[in-house]
1. Using only Cα atoms and rounding to the nearest 10 degrees, what angle (0 to 90) does helix 432-446 make with the longest principal axis of the chain?
2. For every other residue with a beta carbon closer than 11 angstrom to the beta carbon of W206, add +1 if it is Lys or Arg and -1 if Asp or Glu, then tell me the sum.
3. Only bridges with both residues in the chain count here: give the DSSP antiparallel percent, nearest 5.
4. Note down the net charge around Q257, summing +1 for each Lys or Arg and -1 for each Asp or Glu among other residues with Cβ under 10 Å from its Cβ.
5. Assuming 0.36 nm per residue, please report the length gained on full extension of the stretch L130 to Q245 beyond their Cα-Cα distance.
6. Using a ≥ b ≥ c from the Cα gyration tensor of the stretch 310-465 (square roots of the eigenvalues), is it rounded, prolate or oblate, where a/c under 1.5 gives rounded and otherwise the larger of a/b and b/c decides, a/b for prolate?
7. Any chance you could give the angle, 0 to 90 degrees and rounded to 10, that helix 248-258 forms with the longest Cα principal axis of the chain?
8. Along the Cα-to-Cβ line of V445, 7 Å from the Cα, sits a label point; which residues in the stretch 315-356 have backbone N less than 19 Å from it?
Amino acid sequence: WVINIVKYYRIYEVVEPKRQLLSQANDKLNGANEQLTVVREQVAGLEAKLAELNSQFMEATAEKNEAIAAAEKTQSRANMADRLVNGLADEKIRWTSSVESFGVQEKKFVGDVLLAAAFVSYVGAFSLSLRNSLVLEKWIPDMIERQVPMTEGMQPLALLVDDAGIAQWANESLPSDSMSIQNGAIVCNCKRWPILIDPQLQGIKWIKKRHITEVFATRPEEVPEEEWVQPPPIVKEMAVVQLSQGRYLNAVELAIQNGEAMMIENLGNEIDAVLEPVMMRAVIKRGRAMVIKLGDKEVEYDPKFQLYLQTKLSNPHYQPQVCAQATLINFMITLDGLQEQLLALVVKKERPDLEEQKMELMEQQNGFKVKLKELEDELLYRLATSQGDILADTELIEGLETAKITSTEINAKALVAKETELQIVESRKAYVPVAARGALTYFLVDQMWVLDHMYRFSMANFVTIFKKGMD
């Protein structure tokens, strides 16, 4: 027992200080934990405040960005508005006057359209002098007497074609004399198939060139787009047939089905009765399809189909129903038109540089007129079809600016071209007597058939002799 008590005492002397130290350490630990809890609570509060400040900062930043974006959008809209106003400023005066004139024209369209429709329907077969006589001495006085509202000094061509259309015809080799322009207007506006009285082949030349199309090849699916090289387009001309050739109805059938334009040339005084349904446009509706009778079978009819007929007879005699089914158009050459063509030949012979310059200038001016018309039509179409906020339509405004720049450049070039044209016209005047003498000679020679039918000369033959005379 004593030994155990001694051992206990010795152990107690070692353990008791340690117990006291442990108790002190635990007290310090509890104090430190209490301080840590307080510090953690403070940190949590600071973190919450930091999160709140960050949230406020993000909201402030977002408001700032929105304000900057709104300012930029407002500035952009202001710039777009300035660009739009500047782009339309040049058009305002012209469009305002156009709107006013449209208001006046609307009240007088009855007489204007009546005169233009009568012109297209009835005067095509007559000469220029008789056309003018009918319009100026017969129809207009009668309409005035009946108090039909119409524009004062109304000319049918003003309603049937514009300058851009005439320029396009000139590029397609239609002569620029007034009768040829009238013929072009009738061809493009008549609802019946036109029959061209065309001994000199001027009308058929224009029609053929008018219907030349370019067909582009499509990329085969197995050829990658980056390796595909577009080949030159294939020039496709309109179908031309004669009633005397075999199986011509096959060509007519193909054109009707495909909706293509075709020419039946060199007609006589009679037209094959098989073509009567085509001449009458006797289209029959079969469900959703439209068919027309051709010979002993029905052919599917495409509304895009166009038919032209041409005769070399200078004074053809067609049956009354043919005249009712088709529009006769007199394409016989006039003195003014022939004089202009012969003048071009003379100048080309004597001053090839002058004639070349004139042709380039004419093509350039015609191109200017067509381009201006295209720009205006595109601009009006964009303005009419614009959806929503017009200031947000960047493509429209950029297109407007491009159109304005192009229009300004074209107008400047057109002024220079007009000055050059005046110089060319002045230089060409020296050769006018030769052209006038040649034109008179042709019309004298052209009437020699009255003496005997063997004295008939084609326009091409006369031009050949005229060139030999110059040589």
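1. Value to nearest ten degrees: 60.
2. Combined, the nearby Lys, Arg, Asp and Glu give +2.
3. Looking only at bridges with both residues in the chain, the antiparallel portion is about 40 percent.
4. Neighbourhood net charge equals -4.
5. 37.8 nm
6. oblate
7. Orientation of helix 248-258: about 30 degrees from the principal axis.
8. Only 332-350 fall inside the zone, counting backbone N under 19 Å.
The values are calculated or read from the model by the stated rules, or taken from the named source; none is laboratory data. Keep in mind that what you see is a predicted model, and the values were worked out from it rather than measured. FYI the Cβ positions are ideal-geometry reconstructions off the backbone, even for glycines, and counts take in every protein chain you see. SASA here: full protein model, heavy atoms, side chains in, ligands and nucleic acids out. Shrake-Rupley method; radii C 1.70, N 1.55, O 1.52, S 1.80 Å.
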